[in-house]
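Structure, as structure tokens:
Values in this text are rule-based calculations from the coordinates and carry no lab data. Only a predicted model underlies this, so the values are computations on that prediction, with no experimental measurement involved.
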Amino acid sequence: MVQPFLLTNNLFSYIDGTIPCPPITIPSSSSGKDKDGTVQPSQPNPDYNIWVSNDAHIRMLLVSTISESSFQHVQGNTSRDLWLSLERAYAPHTSSREYTLKTQLLKLEMKADESSSAYLTRAQDYSDVLTNIGEPVKEKDLVMLVISGLREEYNG
């Protein structure tokens, strides 16, 4: 029930990790120094406070919709952490689901318009779900699969 609400309100990307938490501060200039070489202090990142606020709203929504008996499964500091902990507790583990996830990971390819960050997050998500159902992927295997799925521009 919560997923459609998050999708229609453009908030599901916090849960699936495609909108990661931005840095607290940003450099005041591209090099961090002004014309005379003086190091400039970092500036507060306005996107950080927006992200923290949205993430807190999502956590509040998730916690308010689960049963009291489910509180034992609530772990983590972000809505994504909370979502993954609930998924670990309640996601069905079937051979079909395991096969589907492993196939998706094996066929993983970076899309033409996909950022490297989004691609890596997608790969990590498959790995996380497999771990959650008791079928963890070895880190070296995940790295190999990620590298083999990179766009041609990264293979040079």
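Under a 5 Å amide H to amide H cut-off, with H placed in plane at 1.01 Å, what residues pair with ILE26 once short-range neighbours are removed?
Long-range HN contacts for ILE26: GLN43, ASN45.
On a 0 to 90 degree scale, rounded to 10, what angle separates helix 116-132 from the longest Cα axis of the chain?
30 degrees
Angle, helix 139-148 long axis vs. longest principal axis of the chain, Cα atoms, 0 to 90°, nearest 10?
Value to nearest ten degrees: 70.
How fast does the chain diffuse by Stokes-Einstein, in µm²/s, taking the Kirkwood radius from C-alpha pairs at 4 °C and 1.567 mPa s?
The diffusion coefficient I find is 71 µm²/s.
Across the chain, how many lysine pairs separated by 8 or more positions, or lying on different chains, have Cα atoms within less than 19 Å?
5
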